[in-house]
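Notes for the one structure printed next.
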């Protein structure tokens, strides 16, 4: 996928901007309301606080999922759980980080990208579990409704960017590319109520 690196970079940029513009816009709206009212009210302050928390959570998650990952950097279980829990917030999606020891950041990066892939298949929310064995990772998701976009999931087994990949699904291309670079075999499976990505 090296020939597509420039396009992949623009897709990542578009994804990050799209996901961050909403909470930042809400912060702006809250500040405008304060300016009109002359003083901050409870509703305006709650809006700003929630939007700031959402933007911060996404930035912290995206830093791990899309940022540069050094093999010398480690991420502990408490930090990984915190980043995932804050990313999910109080919404319909929840994360279960079942790993009790520190992991190299490049490995956690693959797990977070797989988490995003699983999230994409849960339009009504659900639960994503992340576990690992001695040489493998398993990221599985369950929910009231599983929607697998076959053309998008095919990106996981392709060494080229699929045509018209939307920025909202760029994590599929990133996961496929990084897994190949790091000599990881990947297997994805989907059923009516669950999807699973295995990295070995």
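Laboratory data are not the source of any read-out in this text; all were calculated from the coordinates shown. Quick caveat, the model's predicted, so the values are computed rather than measured. Quick reminder, even Gly has a Cβ in these numbers, built from the backbone with ideal geometry, and neighbours come from all protein chains shown.
Quick rundown of the values:
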{"read-out": "Residue in the range 141-156 that is touching a residue at least 40 places away in the same chain (Cβ under 8 Å), assigned to a loop (DSSP other than H, G, I, E, B) and under 13 Å from the mean Cα position of the chain (by Cα) present", "value": "no"}
{"read-out": "Test result for residue 5, within 22 Å of residue 177 (Cβ to Cβ), without any contact (Cβ under 8 Å) to a residue 40 or more places away in the chain and part of a helix (DSSP H, G or I)", "value": "yes"}
{"read-out": "Total residues in the range 106-139, condition farther than 26 Å from residue 185 by Cβ and free of Cβ contacts under 8 Å to residues at least 12 places away in the same chain", "value": "0"}
{"read-out": "One residue from 28, 51 being more than 23 Å from the chain's Cα centre (by Cα) and not in a loop (DSSP other than H, G, I, E, B)", "value": "28"}
{"read-out": "Residues (touching a residue at least 12 places away in the same chain (Cβ under 8 Å), in a loop (DSSP other than H, G, I, E, B), touching a helix residue (DSSP H, G or I) at 6+ places or on another chain (Cβ under 7 Å) and over 18 Å from residue 130 (Cβ atoms)) located in the range 160-200", "value": "160, 161, 165"}
{"read-out": "In the range 78-105, residue surrounded by the fewest Cβ atoms within 10 Å (Cβ to Cβ) [restricted to those that are in contact with a helix residue (DSSP H, G or I) (Cβ under 8 Å, 6 or more places away or on another chain) and either in contact (Cβ under 8 Å) with a residue 40 or more places away in the chain or in a helix (DSSP H, G or I) (or both)]", "value": "86"}
